[in-house]
Amino acid sequence: MTTSTSLDALYDPASVAVVGASDNPEKWGYWLAAGALTGRARRAVHLVNHRGGQLAGEPFRPALSALDAPPEHVVVAVPPHQVRPVVQEGLDTGARCFTVITSGTTEEDSLADLVTSRGARLLGPNCMGIVDTTSQLRLSWGDFPTGGLGLVSQSGNLALEIGRHLERAGAGFSRFVSLGNQRDIDAADALESLIAHGPTRAIAAYVEDFRDGRRLADVLAAAHAAGKPVLLLTVGRSAASGRAAASHTGALVSPHATVAAVCRDAGALLLDSAGELVDTALHLMSPTPSLVRSRPHPHRHETPSAPPPDHPSAAPPPPHRIAVIGDSGGQGALAADSFAACGFDVPALSPDTIDALSTHLPPSAGRANPVDLAGAGERDLAAYARVAATLLHSGDADTVVLTGYFGDYATANPAQAGRECEIAHALADAAGAAGRALLVHTMARDTPALAVLRERGVPVHERVEQAATALAGAVRLTSAAPRLPQERTAPPAAYEVEDGGYERVRDLLASYGVAFPTAEFVTDADAAVEAAYRTGYPLVLKAMGLAHKTEAGGVALHIADEVALRTAFARMREATGAARYAVEAMATPPYARELIVGVRKDAAFGPVVMVGAGGVTAELHADTALALAPLTPARARALLLELRHAPLLTGWRGAPAVHLEAAVTAVCAVAQAAADHPELTDLEVNPLLVHPGGAIALDAHAVVATGSPCGD
């Protein structure tokens, strides 16, 4: 894994050369050169343009070879056909890092090979540059306010949008890295470098091409462990990204769902928009010591060494508690509903807290949760701070939400601006002293008091539902427990999968311990009858070699005798033209439930296991849970219990629970088989029949990378 020290020349070079510098503000070369010159107090800056000229008193040199000393970092903004000669010249002069802005460069891989073979690094091509506000490095177009968010992005305009949101919120960037085409420095490299960067307090990323997804997942987990979890944006939520019909698994495991599963298991957070990302980042960058306070669960005995989070006996953490203060009963009630809808607990306050609040509130005020100020703020603005401090110190809440009018008093009466700012400081002081989070939802915008709150690190939101969603994401991140798969070191059992047909896949999975009904494989009706005497009735007849044999008439169930078998065989041969058939015992255990267990090989992340409600209606239910393969038994069990249909597995309306551990064993076996056999792009058991006595696979299917799918 690349270390952050190898990127020192990227973030804080001793000298920079901008090749393609310009004095024309309509050209990229102007903004790159002007940005580079802002760091002249820290480093040497050289501007290169063979036509000559100057910018801000700095003359343009004709070539890199004409410089007095070799530049450490070279920014390339020249026409595509000139990129390689410029890079070659830079390497010959001793440059250690290249940022290539130019797009349309041919032979990008060979350019990267040229750079890395000389021990240098390449950012881009086709990138917007890099900004490090902590080292006075600005090698990009656009405004990048200074702050604590590190951003890695494949979209330059999205970075500018995030910057606008941050600036309005009184926040900004520690670093911005535009990845471009990632021919050398990729998202994992850039994210890893932010982990050790002290001024970076939260990390954000927009990634389209995940390249080595397993390595990226490891970096996400490392960031979480270091207290810098990642907020991620990506594309692919639309149905168009998941059109893969070679198997049920292919239809149910989209790239976006895979990224979501990886983020969940790596301790990162996948979000939907730039605004949501910034709202959540503001909470993560708040100076409050912790969003999730350690406190005893009312129904759990705490022990010195609790089991790991994915251990079957580990109890979930208690819900995060919210106390709401409203200067309007309606706004307070709606805020309480918004936070409850996001999974927060809005508990009743203790008698002691209610008594303490009574000293600060008029008799008509509401003292439950939410707390209604009933005009107390209009009579004395200090009531806001006193009530908030009472709740922050009460122990009844982990976060206090102030919703309504605060921040807007000076709009109607400018004479109140100073006093409102004083109360804003008092609110921030109370949160800091209590060590608990305070957030504000206000109908105002950009007033002096709100500026104070933002400067003090108190998140301010214009919509209460955004506040609830952002806090929910931040809490989820801080309480997440990364649980990425551990690759096994033992060699897999020797077994070559020549095709994806049921017969071969059944043998493969049986070697991993997956149970199947007794079966024989035949080519004609007489052989089917002979096999039936050994298998026993009732039985199932299946046509082999069909991608979706149920729909094609290739499955006959509940065959009770020889006459029915011969009739079914003749009908099936006419309908399918199959050359080979399975005669299989009919499995009908009572209280059985159908699951699907599939593994799909993702181009970036490798084998991804999916469990869900199975059978022929698997796509209809679309009730699935995903994780990277292979799985531990605890992780497999957790996936099964994540399903909406999980109550059917654990006992529903008096029905006995299925043998969950047998289901877990089967899921782990399928996941491990797929991980051990990279030649399989899809591996699927559907249905896996789970029942109180165990689990049995009724059909299996695979897609071999060099062949076509067989089986159902």
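The figures follow:
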{"read-out": "Filter result for P229 (surrounded by fewer than 24 Cβ atoms within 10 Å (Cβ to Cβ), touching a residue at least 40 places away in the same chain (Cβ under 8 Å) and out of contact with any Pro (no Cβ under 6 Å at 6 or more places or on another chain))", "value": "no"}
{"read-out": "Which numbered condition V76 misses (of (1) of a type in the set (A, V, I, L, M, F, W, C); (2) without any contact (Cβ under 8 Å) to a residue 24 or more places away in the chain; (3) under 26 Å from S155 (Cα atoms))", "value": "(2)"}
{"read-out": "Condition met for R483 (closer than 30 Å to F339 by Cα, modelled with pLDDT of 90 or more and in contact with a Gly (Cβ under 9 Å, 6 or more places away or on another chain))", "value": "no"}
{"read-out": "Residues that are of a type in the set (A, V, I, L, M, F, W, C) and farther than 23 Å from A603 by Cα, drawn from segment 620-643", "value": "L620, A634, A638, L640, L641, L643"}
{"read-out": "Members of segment 6-37 found to be free of Cβ contacts under 8 Å to residues at least 60 places away in the same chain and either over 21 Å from T93 (Cβ atoms) or part of a helix (DSSP H, G or I) (or both), listed by number", "value": "D8, S22, D23, N24, P25, E26, K27, G29, Y30, A33, A34, L37"}
{"read-out": "Test: residue in segment 273-284 that is modelled with pLDDT of 90 or more, surrounded by fewer than 17 Cβ atoms within 10 Å (Cβ to Cβ) and more than 23 Å from S155 (Cβ to Cβ)", "value": "no"}
{"read-out": "Qualifying residues in segment 589-627 (those that are in a loop (DSSP other than H, G, I, E, B) and touching a Leu at 6+ places or on another chain (Cβ under 9 Å)) - the one farthest from A560 (Cα to Cα)", "value": "A604"}
{"read-out": "Residues of segment 538-581 that turn out to be not charged (D, E, K, R) and not in a loop (DSSP other than H, G, I, E, B), as a count", "value": "20"}
{"read-out": "Among the candidates L123, L91, residue that is buried (at least 24 other Cβ atoms within 10 Å of the Cβ) and of a type in the set (A, V, I, L, M)", "value": "L123"}
{"read-out": "Output for segment 62-101, where each listed residue is among the β-branched types (V, I, T) and within 40 Å of the chain's Cα centre (by Cα)", "value": "V74, V75, V76, V78, V83, V86, V87, T99, V100, I101"}
{"read-out": "Which numbered condition R40 fails, given (1) in contact with a strand residue (DSSP E or B) (Cβ under 9 Å, 6 or more places away or on another chain); (2) assigned to a helix (DSSP H, G or I); (3) among the basic types (K, R)", "value": "(2)"}
{"read-out": "Test: residue in segment 375-395 that is surrounded by fewer than 15 Cβ atoms within 10 Å (Cβ to Cβ) and among the hydroxyl-bearing types (S, T, Y)", "value": "no"}
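Residue by residue, here is whether (1) under 26 Å from R40 (Cβ atoms); (2) modelled with pLDDT of 95 or more; (3) in a loop (DSSP other than H, G, I, E, B); (4) of a type in the set (A, V, I, L, M) holds:
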residue: L114; (1), (2), (3), (4): no, yes, no, yes
residue: P125; (1), (2), (3), (4): no, yes, yes, no
residue: I130; (1), (2), (3), (4): yes, yes, no, yes
residue: D143; (1), (2), (3), (4): yes, no, yes, no
residue: G148; (1), (2), (3), (4): yes, yes, no, no
residue: I162; (1), (2), (3), (4): no, yes, no, yes
residue: A188; (1), (2), (3), (4): no, yes, no, yes
residue: L191; (1), (2), (3), (4): no, yes, no, yes
residue: I203; (1), (2), (3), (4): no, yes, no, yes
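The values are calculated or read from the model by the stated rules, or taken from the named source; none is laboratory data. Fair warning: this is a prediction, and the values are worked out from it, not measured in the lab. So basically every Cβ, Gly included, is an ideal-geometry build from the backbone, and we count neighbours across all protein chains shown.
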